[in-house]
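Visitor: Right, I'll just put the structure down here and ask away after.
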Amino acid sequence: MADISALISKLSTLGFNDPPVEHAAVDNIQQWAEALTGVSGLPSKYTLTKTLIFKPKQPKSEPIAPVVVVASSESETSSKAIGAELKLKDLRFASDDVLTSIFQTAKGSVSPFALAQVPKENIGNVR
(Lines give C-alpha, C1' and ligand atoms only; values in the text may rest on other atoms or scores of the structure.)
Protein backbone atom coordinates (compact mmCIF):
# COMPACT_ATOMS: atom_id res chain seq x y z
CA MET A 1 0.00 0.00 0.00
CA ALA A 2 1.18 3.47 -0.80
CA ASP A 3 2.44 5.78 1.90
CA ILE A 4 -0.59 7.29 3.66
CA SER A 5 0.57 10.89 3.21
CA ALA A 6 0.99 10.34 -0.54
CA LEU A 7 -2.47 8.81 -0.68
CA ILE A 8 -4.02 11.73 1.22
CA SER A 9 -2.25 14.17 -1.09
CA LYS A 10 -3.54 12.36 -4.18
CA LEU A 11 -7.10 12.28 -2.82
CA SER A 12 -6.87 16.02 -2.13
CA THR A 13 -5.93 16.70 -5.77
CA LEU A 14 -9.07 14.76 -6.74
CA GLY A 15 -11.28 16.99 -4.57
CA PHE A 16 -11.50 14.82 -1.45
CA ASN A 17 -10.63 17.34 1.21
CA ASP A 18 -12.18 15.93 4.37
CA PRO A 19 -9.52 15.27 6.99
CA PRO A 20 -8.57 11.61 7.40
CA VAL A 21 -9.69 9.69 10.46
CA GLU A 22 -7.88 6.84 12.15
CA HIS A 23 -9.23 3.72 13.80
CA ALA A 24 -7.98 0.37 15.04
CA ALA A 25 -7.16 -2.35 12.53
CA VAL A 26 -10.18 -4.46 11.61
CA ASP A 27 -10.81 -7.75 9.81
CA ASN A 28 -14.36 -7.26 8.53
CA ILE A 29 -17.14 -4.74 7.94
CA GLN A 30 -18.81 -5.36 11.30
CA GLN A 31 -15.57 -4.61 13.14
CA TRP A 32 -15.05 -1.56 10.92
CA ALA A 33 -18.48 -0.17 11.84
CA GLU A 34 -17.77 -0.77 15.53
CA ALA A 35 -14.32 0.84 15.30
CA LEU A 36 -15.84 3.98 13.78
CA THR A 37 -18.40 4.46 16.57
CA GLY A 38 -15.82 6.10 18.81
CA VAL A 39 -14.04 8.15 16.14
CA SER A 40 -14.48 11.91 16.09
CA GLY A 41 -14.38 13.97 12.91
CA LEU A 42 -16.54 11.68 10.78
CA PRO A 43 -19.09 13.22 8.43
CA SER A 44 -22.65 12.96 9.70
CA LYS A 45 -23.45 10.54 6.88
CA TYR A 46 -21.10 8.00 5.31
CA THR A 47 -21.27 4.60 3.62
CA LEU A 48 -19.12 1.62 4.45
CA THR A 49 -17.93 -0.33 1.42
CA LYS A 50 -16.48 -3.70 0.67
CA THR A 51 -13.87 -4.47 -1.95
CA LEU A 52 -13.83 -7.96 -3.43
CA ILE A 53 -11.32 -9.41 -5.85
CA PHE A 54 -12.35 -12.42 -7.90
CA LYS A 55 -10.52 -14.61 -10.37
CA PRO A 56 -12.58 -16.19 -13.16
CA LYS A 57 -12.00 -19.67 -14.48
CA GLN A 58 -9.85 -19.31 -17.59
CA PRO A 59 -7.24 -21.22 -19.58
CA LYS A 60 -3.85 -21.38 -17.89
CA SER A 61 -2.29 -20.02 -21.08
CA GLU A 62 -4.10 -16.67 -20.62
CA PRO A 63 -2.89 -13.94 -18.26
CA ILE A 64 -4.80 -13.73 -14.98
CA ALA A 65 -7.79 -11.39 -15.40
CA PRO A 66 -8.99 -10.49 -11.90
CA VAL A 67 -12.32 -8.77 -11.30
CA VAL A 68 -12.46 -5.99 -8.70
CA VAL A 69 -15.83 -5.15 -7.17
CA VAL A 70 -16.36 -2.16 -4.87
CA ALA A 71 -19.83 -2.19 -3.35
CA SER A 72 -21.83 -0.84 -0.45
CA SER A 73 -21.44 -3.04 2.61
CA GLU A 74 -25.22 -3.51 2.51
CA SER A 75 -25.38 -4.80 -1.08
CA GLU A 76 -25.60 -8.40 -2.24
CA THR A 77 -22.47 -9.46 -4.11
CA SER A 78 -23.20 -12.86 -5.60
CA SER A 79 -20.17 -14.08 -7.53
CA LYS A 80 -22.51 -16.05 -9.79
CA ALA A 81 -24.55 -12.92 -10.65
CA ILE A 82 -21.42 -10.81 -11.16
CA GLY A 83 -19.90 -13.48 -13.39
CA ALA A 84 -23.09 -13.73 -15.44
CA GLU A 85 -23.24 -9.95 -15.89
CA LEU A 86 -19.61 -9.87 -17.06
CA LYS A 87 -19.98 -13.09 -19.10
CA LEU A 88 -17.27 -14.81 -17.03
CA LYS A 89 -17.32 -18.38 -15.75
CA ASP A 90 -16.90 -19.60 -12.20
CA LEU A 91 -15.79 -16.47 -10.31
CA ARG A 92 -13.98 -17.34 -7.09
CA PHE A 93 -12.26 -15.16 -4.55
CA ALA A 94 -8.71 -14.48 -5.70
CA SER A 95 -6.03 -16.56 -4.02
CA ASP A 96 -3.40 -15.09 -1.74
CA ASP A 97 -0.93 -15.49 -4.61
CA VAL A 98 -3.05 -13.29 -6.91
CA LEU A 99 -3.56 -10.70 -4.16
CA THR A 100 0.15 -10.41 -3.44
CA SER A 101 1.55 -10.75 -6.97
CA ILE A 102 -0.90 -8.43 -8.75
CA PHE A 103 -2.30 -6.12 -6.05
CA GLN A 104 0.53 -6.19 -3.48
CA THR A 105 -2.02 -6.72 -0.73
CA ALA A 106 -3.21 -9.54 1.49
CA LYS A 107 -6.53 -11.13 2.35
CA GLY A 108 -8.24 -8.89 4.90
CA SER A 109 -6.44 -5.78 3.64
CA VAL A 110 -8.12 -5.36 0.25
CA SER A 111 -9.32 -1.84 -0.55
CA PRO A 112 -9.96 0.15 -3.72
CA PHE A 113 -6.47 1.58 -3.28
CA ALA A 114 -5.04 -1.84 -4.19
CA LEU A 115 -5.72 -0.87 -7.80
CA ALA A 116 -2.96 1.73 -7.52
CA GLN A 117 -0.48 -1.08 -6.81
CA VAL A 118 -1.18 -3.11 -9.96
CA PRO A 119 1.90 -3.20 -12.20
CA LYS A 120 1.51 -1.55 -15.61
CA GLU A 121 1.89 -4.88 -17.39
CA ASN A 122 -1.15 -6.27 -15.51
CA ILE A 123 -3.53 -3.30 -15.35
CA GLY A 124 -5.07 -4.01 -18.77
CA ASN A 125 -6.22 -7.43 -17.53
CA VAL A 126 -8.09 -6.13 -14.46
CA ARG A 127 -11.84 -5.74 -14.82
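Visitor: Just checking, how many residues over the stretch 80-99 are without any contact (Cβ under 8 Å) to a residue 12 or more places away in the chain and either exposed (fewer than 12 other Cβ atoms within 10 Å of the Cβ) or under 13 Å from the mean Cα position of the chain (by Cα) (or both)?
Guide: Looking only at that region, the number is 6.
Visitor: I've got another one for you. Is there a residue in the stretch 100-107 that is open to solvent by less than 40 Å² (accessible area, probe 1.4 Å), without any contact (Cβ under 8 Å) to a residue 40 or more places away in the chain, closer than 26 Å to ASP27 by Cβ and not charged (D, E, K, R)?
Guide: Yes.
Visitor: Next up: Quick one: which helices (runs of 4 or more DSSP H) sit completely within the stretch 8-104 and have at least 1 residues that are touching a helix residue (DSSP H, G or I) at 6+ places or on another chain (Cβ under 9 Å)?
Guide: Here the list reads 96-103.
The values are calculated or read from the model by the stated rules, or taken from the named source; none is laboratory data. Quick caveat: nothing in here was measured; it's all calculated off a predicted structure. Positions of Cβ are backbone-derived with ideal geometry, glycine not excepted, and every protein chain shown enters the neighbour counts. We work out accessible area using only protein heavy atoms, side chains counted, and drop any ligands, DNA or RNA first. Shrake-Rupley method; radii C 1.70, N 1.55, O 1.52, S 1.80 Å.
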